[in-house]
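Colleague: Mind having a look at this structure? Questions to follow.
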Amino acid sequence: MAHQLNSHQLVEVLAQTLSPDADSRRQAERLLNDASKTAGHHMEVLRLVASMEEADKVAIRQAAAVHFKNVIKKGWDENSEDGTDGIIISPGDRQLIKSHLVELMCTVPPQIQSQCSEAISLIASTDYPSNWQNLLPDLIQKFNSPDPNIVSGVLVTANSILKRIRYQVKSD
């Protein structure tokens with residue numbers, strides 16, 4: 001039975017996913033998988049990605065970013081042939097994620113930025129352009145940044161999104 005993990009429990013479970021002990025890792029992965037099926041789990045994970053600034057927490061923050069990307073990969077497309085593995089992301093949470101993910105991607109370290117970029121690309125493959133009209137304007141706005149890491153992250157994200165569109169056959 002799936003149950004919601006609070007912030008403290010989530011940090012502990014994410015730390016266990018980094019354990020050299022295979023049994024501890026597997027148990028932590030099962031707990032994360034179960035928790036990913038509870039309402040609000042993905043938002044709690046995203047909060048951890050955004051908020052853990054301490055240098056000793058970078059590995060946990062990165063594990064949270066990878067887990068978030070995997071939850072998006074499995075659960076975002078409700079019409080996927082493979083199903084959503086029981087992951088439910090409410091319409092309100094979907095809007096919140098889309099409204100903050102580009103900004104988050106531009107404020108995190110590069111190793112976390114790549115996970116956020118991939119999550120954006122996964123969401124865009126389902127929602128862009130019809131359900132995420134402000135995605136490209138948000139990305140284009142970030143080109144004004146003097147930080148080359150932000151510009152690089154935006155370029156990688158845009159390439160990933162446009163690569164998916166580039167090879168789609170027009171149905172008109």
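The values are calculated or read from the model by the stated rules, or taken from the named source; none is laboratory data. Worth saying up front: this structure is predicted, and the values here are computed from it rather than measured. All Cβ positions, even for glycine, are placed from backbone atoms using ideal geometry, and neighbour counts span all protein chains on display. In case anyone asks, the SASA skips ligands and DNA or RNA and just uses the protein heavy atoms, side chains included. Shrake-Rupley method; radii C 1.70, N 1.55, O 1.52, S 1.80 Å.
Colleague: To the nearest whole percent, what portion of all C-alpha pairs in the chain is separated by more than 21 angstrom? Intermediate results must be reported in sequence, preceding the final value.
Modeller: On the way: 7232 of 14706 pairs.
In whole percent, the long-distance tail amounts to 49.
Colleague: Suppose every K and R has +1 on its Cβ and every D and E has -1 on its Cβ; what is the size of the dipole of the chain about the Cα centre, in Debye to the nearest 20?
Modeller: Details: 17 positive and 21 negative charges, 76 e Å.
Computed charge dipole of the chain: roughly 360 debye.
Colleague: Another question about this same structure. What's the FRET efficiency of N149 with A15 using the Cβ-Cβ distance as r and R₀ = 22 Å, to the nearest 0.05? Could you put the intermediate results ahead of the total?
Modeller: On the way: r = 26 Å, r/R0 = 1.20.
Rounded to the nearest 0.05, the efficiency is 0.25.
Colleague: Still on this structure, please answer the following. With an 8 Å Cα cut-off and a minimum separation of 6 or more residues, compute the relative contact order for region 75-172 in percent. Let's see the in-between values first.
Modeller: On the way: 71 pairs, mean separation 24.5, N = 98.
With pairs under 8 Å counted, the relative contact order is 25 percent.
Colleague: Note down the net charge around N159, summing +1 for each Lys or Arg and -1 for each Asp or Glu among other residues with Cβ under 13 Å from its Cβ.
Modeller: Numbers: positive: K163, R164, R166; negative: E118.
Result for the local shell: +2.
Colleague: Then there's this: How much length is gained if the chain between S125 and D56 is pulled fully straight, taking 0.36 nm per residue apart and subtracting their Cα-Cα distance, in nm to one decimal?
Modeller: Numbers: separation 69, 0.36 × 69 = 24.84 nm, distance 3.41 nm.
Full extension from S125 to D56 adds 21.4 nm.
Colleague: If I take every Cα pair under 8 Å that is 6 or more residues apart in region 1-55, average their sequence separation and divide by the length, what percent do I get for the relative contact order?
Modeller: Values: 35 pairs, mean separation 23.0, N = 55.
Reported relative contact order: 42 percent.
Colleague: Could I ask something else about it? Filter the cross-link list K37/K57; K73/K98; K73/K142 down to pairs whose alpha-carbon distance in this structure exceeds 20 Å.
Modeller: Details: K37/K57 25 Å; K73/K98 14 Å; K73/K142 25 Å.
In this structure, K37/K57; K73/K142 lie more than 20 Å apart at Cα.
Colleague: Further, regarding this structure: Find how much the distance from K163 to Q4 grows on full extension, using 0.36 nm per residue of separation minus their present alpha carbon separation; answer in nm with one decimal. Display every interim value, and only then the final one.
Modeller: Values: separation 159, 0.36 × 159 = 57.24 nm, distance 3.61 nm.
Length gained between K163 and Q4: 53.6 nm.
Colleague: A follow-up question, please. Evaluate the relative contact order of the chain (contact order divided by residue number), counting alpha-carbon pairs under 8 angstrom at least 6 apart; express in whole percent. Show your work: numbers first, answer last.
Modeller: Details: 172 pairs, mean separation 29.4, N = 172.
The value is 17 percent.
Colleague: Something else now. Using a 1.4 angstrom probe, figure out how much accessible area region 48-128 has per residue, in square angstrom, rounded to the nearest whole.
Modeller: Values: 3710 Å² over 81 residues.
Spelled out: the 1.4 Å probe surface of region 48-128, per residue, equals 46 Å².
Colleague: What length, rounded to one decimal in nm, is gained on full extension from M43 through to I88, with 0.36 nm per residue of separation minus their alpha-carbon distance? List each step's numbers first, then the result.
Modeller: On the way: separation 45, 0.36 × 45 = 16.20 nm, distance 1.17 nm.
Length difference between fully extended and current span is 15.0 nm.
Colleague: Another question about this same structure. Take the Cβ-Cβ distance between Q95 and Q27 as r, set R0 to 22 Å, and report the resulting FRET efficiency rounded to the nearest 0.05. The partial results should precede the final answer.
Modeller: Values: r = 34 Å, r/R0 = 1.53.
That gives a FRET efficiency of 0.05.
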